[in-house]
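The values are calculated or read from the model by the stated rules, or taken from the named source; none is laboratory data. Note that the coordinates shown come from a computational prediction; the quantities given were computed from them, not determined experimentally. Virtual Cβ from ideal backbone geometry, glycine too; neighbours counted across all protein chains shown.
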């Protein structure tokens, strides 16, 4: 799932650019969930939104770790290292499952 973004720029009229709206991210993430639900065992979703934006709001700092750069979009190195604990078990299991199925 996509995490929320909060870049410092606004549209010329002072509004939020459409691609930066949380509602748009929520809608995109719902599409990902539907695709994954239609293809169980073939599609796996890692919910970066829940990991990087606990409480459903954009976060710069999570568990005392600065997880976002000042640009409000990219994940910091420390944030990536912190998020590993949530992402890598899923990736490792996918690899083990593929190996067991003869896919690698």
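In this structure, does residue 72 turn out to be out of contact with any strand residue (DSSP E or B) (no Cβ under 8 Å at 6 or more places or on another chain) and surrounded by 13 or more Cβ atoms within 10 Å (Cβ to Cβ)? Criteria met by residue 72.
Residue by residue, here is whether (1) within 14 Å of the chain's Cα centre (by Cα); (2) assigned to a helix (DSSP H, G or I); (3) surrounded by 10 or more Cβ atoms within 10 Å (Cβ to Cβ) holds:
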| position | (1), (2), (3) |
| --- | --- |
| 9 | no, no, yes |
| 23 | no, yes, no |
| 30 | yes, yes, yes |
| 36 | no, yes, yes |
| 42 | no, no, no |
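Checking each residue of segment 89-98 against the condition of being in contact with a helix residue (DSSP H, G or I) (Cβ under 8 Å, 6 or more places away or on another chain), surrounded by 10 or more Cβ atoms within 10 Å (Cβ to Cβ) and at pLDDT 90 or above gives no match. Being farther than 16 Å from residue 1 by Cα, surrounded by 14 or more Cβ atoms within 10 Å (Cβ to Cβ) and modelled with pLDDT under 90 is a property that holds for residue 16. Screening residue 57 against (1) surrounded by fewer than 10 Cβ atoms within 10 Å (Cβ to Cβ); (2) over 27 Å from residue 93 (Cα atoms); (3) at pLDDT 95 or above leaves a single unmet condition, (3).
Being assigned to a helix (DSSP H, G or I) and in contact with a strand residue (DSSP E or B) (Cβ under 8 Å, 6 or more places away or on another chain) narrows it down to one of 79, 55, 95, so name that one. Give the steps one after another, and end with the answer.
Details: 55 fails: in contact with a strand residue (DSSP E or B) (Cβ under 8 Å, 6 or more places away or on another chain); 95 fails: in contact with a strand residue (DSSP E or B) (Cβ under 8 Å, 6 or more places away or on another chain).
From the options 79, 55, 95, the qualifying one is 79.
Hey, can you tell me all the residues within segment 63-73 that are within 13 Å of residue 3 (Cα to Cα) and modelled with pLDDT of 95 or more? Write out each step before concluding.
Pass one, segment 63-73, residues within 13 Å of residue 3 (Cα to Cα): 67-68, 72-73.
Of everything in segment 63-73, those that are within 13 Å of residue 3 (Cα to Cα) and modelled with pLDDT of 95 or more turn out to be 67, 68.
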